[in-house]
Amino acid sequence: MKSFSIIFSGLSLILVILVVIPLASMILSSDPEILKSTISDQEVVSSILLTLRSALWATLVSVIFGIPLAYLLARRNFPGKSIVQGLVDLPVMIPHTAAGIALLMVYGRNFFMGQAFGKVGVTFVGTEAGISLAMAYVSLPFLVNSAKDGFLAVDPKLERVARTLGASPWQAFFRVSLPLAWRPILSGAIMMWARGISEFGAVVVLVYHPMIAPILIWERFQAYGLKYAKPVSVLLIILCLLIFAVLRWLAERRKEA
């Protein structure tokens, strides 16, 4: 038993070190003066806020459509179910620049969907809506798969009992299934938001400007080198770490309550 714990702890420590060392090295090697000026740089602040906001919008909208899909995949058998599941997972597997090109070929101003949305005043090329669309496209699998696992963990007998007691399908879903699956759904939403924040490939094809933080980092690296790209990266890493630490802490507190 002791050797088991030692081996597993050692293997876990190696993985944690692999994650921590590059981040710690980047943070500790940053020039304090440049980092200070970066914090007050309006372009950087606006870019980071745009990134967080766009990823949040992508996640909130995806929750509305993703939870019903996850529930159907967990509870229903229907023709083509495996194909639908494969399509949900596809954005994780394809290169994200290819995903951006695919989105551009559908939602660009010269294509059908882009023209249709343009008639009601919605455009996706070069707008915040386009950023959220690209983020949602590549990160949706994290939400849907996590929510599906949450619904699979809920015993269907509980739903049937609720139905026999007079609950409608809507009532059984909102009063039984959804409350019992909320932790995996929240975890999936957090992961989707995190994945959206880090997206580069799909967004840079569809929406280069306004620039989200990953694109700004790349542009500064190309134009000025590592010295000026690193502080923006550090700010984004620290901010994301604080946000997700707080979200995980709140989720754990609610779990204990």
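Calculate, for Leu247 and Leu49, the FRET efficiency according to 1/(1 + (r/R0)^6) with r their C-beta to C-beta distance and R0 25 Å; round to the nearest 0.05. Once the sixth-power term is evaluated, E becomes 0.90. With each label modelled as a point 7 angstrom along the Cα→C-beta vector, the Arg109-Lys157 pair spans 6.1 nm. For the chain, the membrane-span-like helix rule (DSSP H, alpha carbon extent of at least 15 Å along the helix axis, mean Kyte-Doolittle at least -0.5) picks out 2-28, 42-75, 81-93, 96-107, 128-152, 182-197, 213-224, 226-256; this says nothing about an actual membrane. Values of log10 I(q)/I(0) for the range 62-101 across q = 0.31 Å⁻¹ run -1.03, by the Debye formula with one identical scatterer at each alpha carbon and no solvent. Gain on full extension, evaluated as 0.36 nm per residue between Arg175 and Val20 minus their Cα-Cα distance, stands at 51.7 nm. Shown for the chain: the carbon plus sulfur share of the solvent-accessible area, taken with all protein chains present and a 1.4 angstrom probe, equals 70%. Residues of the range 3-18 falling in the label zone of Leu226, defined by backbone nitrogen less than 19 Å from a point 7 Å along Cα to beta-carbon, are 18. Largest first, the residues His96, His209 sort by 1.4 Å accessible area into His209, His96. When the P(r) is computed for the chain, the part past 25 Å accounts for 56% of the Cα-Cα pairs.
Close Lys pairs in the chain (alpha-carbon distance under 22 Å; sequence gap of 8 or more, or different chains): 5. Computed over the chain, the per-residue total of -39500 (n - 2.57) for DSSP H runs of n ≥ 4 gives a 222 nm mean residue ellipticity of -26000 deg cm²/dmol, rounded to 500.
Here the relative contact order of the range 40-256, from alpha carbon pairs under 8 Å that lie six or more residues apart, stands at 29 percent. Per residue, the chain exposes an accessible area of 59 Å² to a 1.4 Å probe, with every protein chain left in place. Here the range 151-257 is treated as an ellipsoid with the same Cα gyration tensor; its semi-axes, largest first and in whole Å, are 43, 17, 8.
The values are calculated or read from the model by the stated rules, or taken from the named source; none is laboratory data. Keep in mind it's a predicted model, so treat the numbers as computed, not measured. Every residue, glycine among them, receives a Cβ derived from its backbone with ideal geometry; neighbour counts consider all protein chains shown. Side chains included, ligands, DNA and RNA excluded: accessible areas come from the protein's heavy atoms. Shrake-Rupley method; radii C 1.70, N 1.55, O 1.52, S 1.80 Å.
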